[in-house]
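Below is one structure, written out as structure tokens; the observations come after it.
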Amino acid sequence: MRIKAMLAALAVLAGLGAAGGVQAQAPIVIKFSHVVAPDAPKGLAAERFRVLAEQLTHGRVKVEVYPNSQLYKDKEELEALQLGAVQMLAPSLAKFAPLGLKEFEAFDLPYIFPTKSALYAVTEGPIGKRLLQKLESKGITGLAYWDNGFKVMSANRPLHRPDDFHGLRMRIQGSKVLDAQMRALGAVPQVLAFSEVYPALQAHVVDGTENPPSNMLTQRMNEVQKYVTVSNHGYLGYAVIVNKKFWDGLPRDIRDELEQAMREATAYEKTIAQRDNDAALEAIRKTGKTKVYTLTPQEQADWRRALLPVQKQMEARIGKDLIDAINQTTSRTTAPMTAKAW
């Protein structure tokens, strides 16, 4: 009896030890790297995803967010993701062209999205889904589109007409479309990593740049730019992506919970993006150091006239069918997309 009692006690202790081992199992770590400030819309949404992911998985997943290029700069982060050194990113859509996915540069085309609703008809419809599917061949899974709104132009001289850009060295992210856009305005495009823009503006290595107001304010670019023009000429958006091998290797229930966290974080991101850009523009105006100017209808028509030929110029690179499909979708935001190739 004594031996049986001892064996029973040992069995109970073994069971407790096993249970303790399960409880002590290390969580799955997701390193989420991005290049903007924590208080920019993308930074806030990344933090919201972290909280939701850890809550919904009951601590089985730990998300480590690294903002402001703490881990990787623009040109480094995609390679790091593909190698598995980081699990999650939210790069701007132009970053996929160097991988051979030039179609994503359609989002850089000037004046292709007249409204937010027109934009969402593309990103949330068949076109957006098919573009994300193209990432699979590169070892990447696309989870969502995040929004940072429409861009303004800035420089140390007023930018009211296309001629005002003549000779200016304008910073762009790496994109053939943005290169063509600046050249169409008579400017000289300069590719710089996002983390290098403020010092380059401060040192007059470049004369101006384009960004949504929230990026401009959180990176303090307005402190070294005397003039901002509200042009809404282009769009800046992101794709939240993960390493495909890592994602496919997760337990199905954890993937489901992370997808739910991403849906909620994406809805949150869309609600704050416009709000934060409006607030940032007002904050820039209130400093008194930067003059904020909004294009008149006639001036905007002049900008459109100068920039719309970029769409035709980029047909061979991006694909005429895709550009036509986007224009068709944005012109009829409630109608289904019917273009043959898309």
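The values are calculated or read from the model by the stated rules, or taken from the named source; none is laboratory data. Owing to the predicted nature of the structure, the values given are computational and were not obtained by experimental measurement. As a convention, Cβ positions derive from the backbone with ideal geometry for all residues, glycine included, and neighbour counts pool all protein chains shown.
A few comments on the model shown:
Residues checked against (1) under 27 Å from GLY249 (Cβ atoms); (2) touching a residue at least 40 places away in the same chain (Cβ under 8 Å); (3) surrounded by fewer than 20 Cβ atoms within 10 Å (Cβ to Cβ):
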residue: LEU81; (1), (2), (3): yes, yes, no
residue: VAL86; (1), (2), (3): yes, yes, no
residue: THR115; (1), (2), (3): no, yes, yes
residue: LYS134; (1), (2), (3): yes, no, yes
residue: TYR145; (1), (2), (3): yes, yes, no
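- 3 or more residues at pLDDT below 95 and under 30 Å from LEU201 (Cα atoms): qualifying strands (runs of 3 or more DSSP E) within region 42-158: 140-150
- Scanning region 245-259 for residues that are β-branched (Val, Ile, Thr) and under 25 Å from the mean Cα position of the chain (by Cα) turns up at least one hit.
- Consider region 192-220 and keep the residues that are of a type in the set (A, V, I, L, M) and either free of Cβ contacts under 8 Å to residues at least 60 places away in the same chain or on the phi > 0 side of the Ramachandran plot (or both). The one that is surrounded by the fewest Cβ atoms within 10 Å (Cβ to Cβ) is ALA203.
- Being under 30 Å from PRO158 (Cβ atoms) and surrounded by 15 or more Cβ atoms within 10 Å (Cβ to Cβ) is a property that ALA280 has.
- Applying the condition of being modelled with pLDDT of 95 or more and of a type in the set (Lys, Arg) to region 259-285 and asking which residue is farthest from GLU210 (Cα to Cα) yields ARG263.
- Contacts under 8 angstrom Cβ, first residue in region 294-308 being at positive phi, partner not in a helix (DSSP H, G or I), 6 or more apart: none
- Restricting attention to region 159-191, the residues that are assigned to a strand (DSSP E or B) and touching a residue at least 24 places away in the same chain (Cβ under 8 Å) total 4.
Matching residues to (1) surrounded by fewer than 17 Cβ atoms within 10 Å (Cβ to Cβ); (2) within 22 Å of the chain's Cα centre (by Cα):
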| position | (1), (2) |
| --- | --- |
| ARG275 | yes, yes |
| LYS286 | yes, no |
| LYS289 | yes, no |
| GLU299 | no, no |
| PRO309 | yes, no |
| GLU315 | yes, no |
| ASP321 | yes, no |
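- Filter result (surrounded by fewer than 23 Cβ atoms within 10 Å (Cβ to Cβ), of a type in the set (A, V, I, L, M) and under 14 Å from LYS42 (Cα atoms)) within region 237-267: MET262, ALA267
- Test set (1) within 17 Å of the chain's Cα centre (by Cα); (2) crowded, with 19+ Cβ neighbours inside 10 Å; (3) of a type outside the set (D, E, K, R) - LEU295 fails condition number: (1)
- Note on region 275-286: residues that are touching a helix residue (DSSP H, G or I) at 6+ places or on another chain (Cβ under 7 Å) and of a type outside the set (A, V, I, L, M) amount to 2.
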